[in-house]
Amino acid sequence: MAAVQREPINYNAWPDEDGHFGPYGGKFVPETLMPALDELEEAYLAARNDREFMAELAYLQRTYVGRPTPVTYAARLTEYLGGAQIYLKREDLAHTGAHKINNALGQALLMKRKMGKTRIVAETGAGQHGVATATSAALLGIECVVYMGTVDMARQEPNVFRMRLLGTEVRGVESGSKTLKDAINEAIRDWVTNVNTTHYLLGSALGPHPYPAMVRDFQSIIGQEALVQMGESDDGPGRLPDAIVACVGGGSNAIGIFHPFLAYEDVRLIGVEAGGRGIEGGEHAARFADPEMGRLGVLQGTKSFVLQDSDGQIALTHSISAGLDYASVGPEHAWLRDQGRTEYTYCTDEQAMAGFRLLCDLEGIIPALESAHAVGHLIDLAPQMAKDQIILVNLSGRGDKDLGTVMGDWGAV
Amino acid sequence: MTGVERIRAAFAQAGQERRAAFMPYHAMGYPTRAETLEIIAGLAADGADLFEIGIPHSDPLADGPTVQGATYTAITQGTTVADCLTMVRELRDAGVTAPFCAMGYYNPIFRYGVERFVADAAAAGIDGLIVPDLPPEEAGELEPACRQAGLATIYLLAPTSTEARIRQVVQHATGFIYLVSITGTTGVRTELPPDLADFVQRVRRHTDLPLAVGFGIGARAQAAAVAGIADGVVVGSALVKAGGESVDAALLLGRELIKGVQEARG
């Protein structure tokens, strides 16, 4: 029987010109914002082809963010799990402690150089995107307001203080579940009101077109560096990994490391969602893992998988990690999943905490609770793979911000 | 008559009386189901020309605090999309004939099933749809369903809309066009923008459809001012807030607003 040959997909051709990844994506926003989205797309496409702009961004990535971030061989974790060789892409070592700076700096520079606007609004869940945005705004001298759910402000208190130190106004959001989704609603409301002067610096590969593609592009530096570091650098294994693992909230760190590897079809690309207290009770943020609640829908400007009730109201999510605690997922992830190019699994709060502890104990690295979900999945994955196989984990952020949560959880660990 | 025709007739009737049409918004299920029915029936009896029937959503990103709070209350009291249609049917059975435009975000409609929603809405007595997070680009499923059922697809335009955008949107619109008075979310403002009349004129050059202005209008004088420059006046948050106090408060404000609209008789 002959194998079915399919045409290789040109992943760079997506999204289409209206911002769709297959049936996902698009622009579901109030009319007031439609011109701003067109303007943003135009500015971004111009910047992408502007050698001077790209050179300035690359310069700041090198001299300010500290890129490239290294790839670290996790020798003791590899030995402990007894399977595949584990490498870590160290986004935790980027300035501000997470991958979020890649996109925040890119968009802030875009606004400063290419758009006639003077003010930034952003949302934040874990506070990492808020800190990255506040940092970029301070660097470039831009007025900045960050919206954050009050539940998240309580569990990520150090990042609230950090943003304020950086000159950003942090506005607490009391509506809904008081977490990331509600912060995005308020940021969009601010943007609708002040659209003539204000750029919305969205922090994940979410929202209306052109955000999912633009944020992916700014984050793809992670995968571009990793390609070289794994395949060619003397410090790496000298070949591409067999699997790449990344946590998926909105999905920006995952799409950033996945995207440059999409054409290398032998590399498995695995996204890890937040399983919270388990799928069955509904207290999670695993959009792909729960066929009952996770349905095709529209939330905050984009069509994708959305956790919702049978009446189309958006479900309240739960994760120990504020950055993964979101009811929808970036549209490109949904599309890549349909193509069979990426796969998704989940880690519960408990498994993520186990991953968190392992990385602290064995590697001397305190990961963000978001990234700990990717590490948690290794506990299952690595032992199933042969010792000459290689896994690359995107360690998307560091865990200083989570110490309060972890200390609270200590007794349960 | 189709929904589109009933909406056009309501604007035509107001036009014959040389005044703008008055269109109150109500958040269905707020503060309770019974009060919702009393408020809408009362406003209709007092002379409201059309209604916006607010279908609650958990994440109303075009709405300010008043409507957010009201729709949140409605949802927590268990108001579903199907309940909203049932209330519409009850209002029709009670003799309310003014056109009803359902105002709801896309996800609840999408989850209900677009075709099924349009069919059920038309059967219940809805005449048109306003979906604030669904620009014409994304309405490829909704528009044909509405055409088939005779429902109007009512689009919004905003002060930020460019000439090209206005030309594009008016081609898709039926019934009337909803002009957002301000860049912002719903909710009462003390002042409306000075260039509102220019905005209405800018759209007027591209279409003969009735132009209704909403967002920010809450007082009699504002209603009069807007009635002087547009074909319709939409009032939401102010009435919702009054309705939260009592049915009488909502109806009292409604009568004030109707007087405002009539004062601008051209």
Measure up A:112/A:401; A:100/B:241; A:27/A:401; A:303/A:387 against 31 Å on the Cα-Cα distance and list the ones that go over.
A:100/B:241; A:27/A:401; A:303/A:387
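Please give the net charge around residue A:38, taking every other residue with its beta carbon less than 15 angstrom from that of residue A:38, where Lys and Arg add +1 and Asp and Glu add -1. Before the final figure, lay out each step's value.
Working: positive: A:27, A:114, A:117, B:165, B:167; negative: A:17, A:18, A:31, A:39, A:41, A:42, B:137, B:138, B:163.
Net local charge, residue A:38 excluded: -4.
Give me a single rounded figure for A:305-316: the average over its residues of other chain Cβ atoms within 10 Å of their Cβ. All intermediate terms of the calculation are to be shown ahead of the outcome.
Numbers: counts 0, 3, 0, 5, 5, 3, 15, 15, 11, 5, 1, 1.
Average neighbour count from other chains, rounded to a whole number: 5.
I'd like the GluC sites (Glu not before Pro) in region B:125-204 restricted to DSSP loop residues with at most 16 other Cβ atoms within 10 Å, sorted by number.
Numbers: sites: B:137, B:138, B:141, B:163, B:191; in loops: B:141, B:191.
Here the sparse-neighbourhood loop sites are B:141, B:191.
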Once you charge only the Cβ atoms, +1 for Lys and Arg and -1 for Asp and Glu, what is the size of the charge dipole of region B:3-263 about its Cα centre, to the nearest 20 debye?
400
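Under 15 Å from the Cβ of residue A:390, count the other residues' Cβ atoms, weight Lys and Arg +1, Asp and Glu -1, and hand me the total. Provide the component values of the computation, followed by the final result.
On the way: positive: A:89, A:239, A:268, A:387; negative: A:79, A:232, A:235, A:242, A:266, A:388.
My count for the surroundings of residue A:390 gives -2.
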Per-residue Cβ neighbour rank within 10 angstrom, fewest leading, B:246, A:136:
B:246, A:136
How would A:87, A:64 line up from fewest to most surrounding beta-carbon atoms within 10 angstrom?
A:64, A:87
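Treating the beta-carbon of each Lys and Arg as +1 and of each Asp and Glu as -1, no other charges, what is the dipole magnitude of chain A about its Cα centre, to the nearest 20 debye?
Values: 35 positive and 53 negative charges, 162 e Å.
That gives chain A a dipole magnitude of about 780 debye.
Give me a single rounded figure for A:186-199: the average over its residues of other chain Cβ atoms within 10 Å of their Cβ.
Values: counts 1, 1, 5, 11, 2, 2, 9, 5, 2, 5, 3, 0, 0, 0.
Taking the mean over all residues of the peptide, I get 3.
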How big is the gap, in Å, between the Cα center of region A:127-185 and the Cα center of region B:80-103?
42
Enter the Cα centre distance for the pair region A:55-111 and region A:252-314, rounded to the nearest angstrom.
23
Efficiency by 1/(1 + (r/R0)^6): what FRET value for residue B:116 and residue A:339, r their Cβ-Cβ distance, R0 = 41 Å, to the nearest 0.05?
0.90
Inter-probe distance in nm under a simple model that places probes 7 Å from Cα toward Cβ, at residue A:7 and residue B:9
5.2
Regarding the protein assembly as shown, what whole-number volume in Å³ per residue does the convex hull of its Cα atoms give?
161
Here Rg/Rh (Cα, Kirkwood) for region B:119-205 equals 1.01
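Given the alpha-carbon gyration tensor of region B:3-263, what are the semi-axes of its equivalent ellipsoid in whole angstrom, ordered largest first, with each equal to the square root of 5 times an eigenvalue? Please report the intermediate quantities before stating the final value.
Numbers: eigenvalues 111, 98, 61 Å².
Working through the eigenvalues yields semi-axes of 24, 22, 18 Å.
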In what sequence, highest mean first, do A:267-279, A:315-327, A:69-81 appear when ranked by Cβ atoms within 10 angstrom?
A:315-327, A:267-279, A:69-81
Among DSSP beta bridges whose residues both lie in the protein assembly as shown, state the antiparallel percentage, nearest 5.
20
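If you count, for every residue in B:158-170, the Cβ atoms of partner chains within 10 Å of its Cβ, what is the mean?
Numbers: counts 8, 3, 10, 4, 4, 0, 2, 4, 0, 0, 1, 2, 0.
Across the residues of B:158-170, the mean count of other-chain Cβ atoms within 10 Å is 3.
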Rough spin-label spacing in nm, given labels placed 7 Å along Cα→Cβ, for residue A:362 and residue A:113:
4.2
Take the Cβ-Cβ distance between residue A:143 and residue A:50 as r, set R0 to 22 Å, and report the resulting FRET efficiency rounded to the nearest 0.05.
0.35
Between the alpha-carbon centers of region B:1-69 and region A:27-47, tell me the distance in whole angstrom.
31
Once the dipole of chain A is set up with Lys and Arg at +1 and Asp and Glu at -1 on Cβ about the Cα centre, which of A:84, A:141, A:128 lies farthest towards its positive end?
A:141
Around residue B:206, under 13 Å between beta carbons, what's the net of Lys plus Arg minus Asp minus Glu among the other residues?
+3
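Taking the number of other C-beta atoms within 10 Å as the exposure measure, put A:153, A:115, A:54, B:28 in order starting with the fewest.
Numbers: A:153 22, A:115 17, A:54 14, B:28 27.
Ordered by Cβ neighbours within 10 Å, fewest first: A:54, A:115, A:153, B:28.
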Distance (nanometres) between label positions extended 7 Å along Cα→Cβ at residue A:58 and residue A:16
3.4
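Read-outs throughout are calculated quantities, based only on the coordinates presented, and are distinct from any laboratory measurement. Just so you know, these numbers come straight off a predicted model, no measurement behind them. A quick note on method: Cβ atoms are made from the backbone with ideal geometry, for glycine too, and the neighbour counts reach across all protein chains shown.
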